[in-house]
Amino acid sequence: MNIGQIPAKWARQTPQGTAIIDATTTQRVNWAEFDNHVRRLANGLRGLGLEQGDRVGVLSRNSMEYAAVYFACGRTGLVAQPMNWRLSPPELKKITDNGEPRVYISGPDYHAVAADLSGMVDSVEHWLQYGPDGDGSYERLVASASDDEPAGSAAIGGDDPLFILYTGGTTGESKGALHSHRSCWFGMLNQTVAERIVPSDVYMLTGQMFHIPVVLAINYLAHGCPLVLMNFDARLAMDLIEAERVSAFLGVTTMLNWMMAVDGFDRYDISSLRNIQYGGGPMPSRVITEALDRFPCTLIQGYGQTEGTTMCFLSQEDHLRAIHEDHRPERLRSCGREGFVTSVRVVHPDGSDVPTDGKTPGEIIVRSEANMLGYFRRPDLTDQTIRDGWMWTGDIACWDDERYVFIVDRAKDMIISGGENIYSVQVEEAIACHASVLECAVIGVPDETWGESVKAFVVLKPEMRATEDEIIDVARANLASYQKPRSVEFVAELPKAPTGKILKRKLREPYWEEAERQV
């Protein structure tokens, strides 16, 4: 399989069918136009002297051109190296030095950042810009290149590298997960089965293309479905669902919360929705129930990582049975069972399985063709993470008698207070039972008596109120006493990665600057 050939297939079959709807630029590109752009870009990049395996850096928000870079690289054996646009130039330098791209493409609003970076790195030979505020170098490259099929494309695919996606850096170190055409393809196969994709779907990409949800977008394009590109805003998302008759999207917990909080939510025509996948962090059961009630479609949960795409799924039927049939309602707190092409285990440190008793914690490990090849140029980290074919995720979980997996925490997010292990996910689930809570995050902070104590950061829903005592009381009602937060801080927003994932590291930093945390 060659992922880069996807536009060619649909340009042959439905040349006038819509491929890309770019909400930022209002571009609407059909398959024939998109495939022509991909071929010209691929030939233009090779014309700059790039050879198979060379990297192409990209610094941009979602756009048609960004999507074309992925397929052009795949078509001609190059490796896309997307960059997190929220990073500072020094942080971008670290990633650029790791991948050493020979070409660097910047999109609107990021040309100045790229210019700063150009004085800090040595590997980049060609700096290209696109968009109305650019210098036209990208557009000239594409316009002047041949639209013939790139030479040698038929021999590309399989285990050839396709892209490097950098982890969100929630632990303070961003690592480049190298994926091949094969690992991308098997990740897409997992998603196809879980999402039950149909040709009439219209997919909206809410996440950023430098992160693993881009595989979900590529998958819908592989089915010939239109892709709606946006840079997330809750009201814009609602507008696009109505205007473009969107049928599916991935929404992390915070996105769904903010969409349901949009003024006039119930007046939108969102009847086109068929299925919503959520992930990127735990979804409180109360929020799941509200989403099932307010969105006119099914829900699935997908648990995954940059390193392994999506690995577990809580199915549509699991959600409906838990809500309507009172069948194992606790499974709404689960991320489901292993995906179609994935094997999942929960194990002790020695690699032996923990009992399926729903309470004994262990680490999730995964074996799958969808797993990354490894961390780019970091064999040391690769060897720590992939052992005997199994990828160790760093996520702590238990599983029940039918092997439904319940994540209790990231290993680094577990709080140890007075010798007791406290899992922040469980505390967050309890706090979310309060009707005024929009979202929350729980961390451990230094405590002279207990070592660590539980601190909660809470964002309230618009126009709603709650006190610290009320938040602590609702947690106490649903937890053991030692697990409840000892302090609550109300904030306007929580620090997040562009994926929507809450960055607990940012919350912890002020409290642990002069102390060493053992977890």
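The values are calculated or read from the model by the stated rules, or taken from the named source; none is laboratory data. From a predicted model like this one, the values you see are computed outputs, not experimental measurements. Cβ sites come from the backbone with ideal geometry, for glycine too, and all protein chains shown count toward neighbours. Accessible surface is based on the protein model in full, side chains and every heavy atom, while ligands, DNA and RNA are left aside. Shrake-Rupley method; radii C 1.70, N 1.55, O 1.52, S 1.80 Å.
Observations on the model:
- Condition check for G47 on (1) under 22 Å from A222 (Cα atoms); (2) open to solvent by 30 Å² or more (accessible area, probe 1.4 Å); (3) among the small types (G, A, S): one failure, at (1).
- Among the residues of this structure, V58 does not count as one that is part of a strand (DSSP E or B), open to solvent by 10 Å² or more (accessible area, probe 1.4 Å) and either at pLDDT 95 or above or polar (S, T, N, Q) (or both).
- S144 vs. criteria farther than 30 Å from S315 by Cα, out of contact with any Asp or Glu (no Cβ under 9 Å at 6 or more places or on another chain) and among the polar types (S, T, N, Q): yes
- Filter result for the condition that a residue is open to solvent by 10 Å² or more (accessible area, probe 1.4 Å), within 26 Å of V262 (Cβ to Cβ) and out of contact with any helix residue (DSSP H, G or I) (no Cβ under 7 Å at 6 or more places or on another chain), over D293, D326: D293
- Pair list, Cβ under 8 Å, 6 or more apart: the stretch 351-380 residue more than 12 Å from M311 (Cβ to Cβ), other residue among the polar types (S, T, N, Q) and in a strand (DSSP E or B): P361/N421; E363/T393; L373/S180
- When the stretch 505-519 is limited to residues that are modelled with pLDDT under 85 and either in contact with a Lys or Arg (Cβ under 8 Å, 6 or more places away or on another chain) or part of a helix (DSSP H, G or I) (or both), the one that is surrounded by the fewest Cβ atoms within 10 Å (Cβ to Cβ) turns out to be V519.
- Extreme residue, farthest from E420 (Cα to Cα), among residues of the stretch 463-495 that are of a type outside the set (A, V, I, L, M) and open to solvent by less than 30 Å² (accessible area, probe 1.4 Å): P485
- Residue in the stretch 25-39 that is part of a loop (DSSP other than H, G, I, E, B) and either free of Cβ contacts under 8 Å to residues at least 40 places away in the same chain or open to solvent by 50 Å² or more (accessible area, probe 1.4 Å) (or both) present: yes
- Of the residues making up the stretch 207-227, those that are modelled with pLDDT of 95 or more, touching a Leu at 6+ places or on another chain (Cβ under 7 Å) and outside any helix (DSSP H, G or I) number 1.
- In the stretch 250-288, residue farthest from the chain's Cα centre (by Cα) [restricted to those that are open to solvent by 20 Å² or more (accessible area, probe 1.4 Å) and aromatic (F, W, Y)]: Y268
- Residues located in the stretch 187-201, provided they are buried (at least 22 other Cβ atoms within 10 Å of the Cβ) and out of contact with any Phe, Trp or Tyr (no Cβ under 6 Å at 6 or more places or on another chain): G187, M188, Q191, E195, I197
- Scanning the stretch 451-484 for residues that are β-branched (V, I, T) and either more than 29 Å from the chain's Cα centre (by Cα) or modelled with pLDDT under 90 (or both) returns T467, I471, I472, V474.
- Scanning the stretch 357-414 for residues that are of a type in the set (S, T, N, Q) and either under 29 Å from E429 (Cβ atoms) or buried (at least 22 other Cβ atoms within 10 Å of the Cβ) (or both) turns up T360, S368, N371, T385, T393.
- Among residues that are among the charged types (D, E, K, R), part of a strand (DSSP E or B) and modelled with pLDDT of 95 or more, R377 is not included.
- Residues in the stretch 124-138 that are surrounded by 16 or more Cβ atoms within 10 Å (Cβ to Cβ) and of a type outside the set (F, W, Y): V124, H126, L128, Q129, G131, G134.
- Lone unmet requirement of (1) of a type outside the set (S, T, Y); (2) open to solvent by less than 10 Å² (accessible area, probe 1.4 Å); (3) over 24 Å from A11 (Cβ atoms); (4) not in a helix (DSSP H, G or I) for L117: (4)
- Residue match in the stretch 494-504 (condition: in a helix (DSSP H, G or I), at pLDDT below 90 and within 28 Å of I212 (Cβ to Cβ)): yes
- Considering the stretch 415-436, and only residues there that are modelled with pLDDT under 80 and in a strand (DSSP E or B), the residue that is most open to solvent (accessible area, probe 1.4 Å) turns out to be E420.
- Subset tally (residues that are over 22 Å from the mean Cα position of the chain (by Cα), of a type outside the set (D, E, K, R) and assigned to a loop (DSSP other than H, G, I, E, B)) for the stretch 328-361: 10
- Among the conditions (1) of a type in the set (F, W, Y); (2) part of a loop (DSSP other than H, G, I, E, B); (3) open to solvent by less than 20 Å² (accessible area, probe 1.4 Å), F232 misses just one, which is (3).
- Hey, P296 modelled with pLDDT of 95 or more and assigned to a loop (DSSP other than H, G, I, E, B) or not: yes
- Failed item, numbered, when R75 is tested on (1) more than 18 Å from H181 (Cβ to Cβ); (2) of a type in the set (K, R); (3) in contact (Cβ under 8 Å) with a residue 40 or more places away in the chain; (4) assigned to a helix (DSSP H, G or I): (1)
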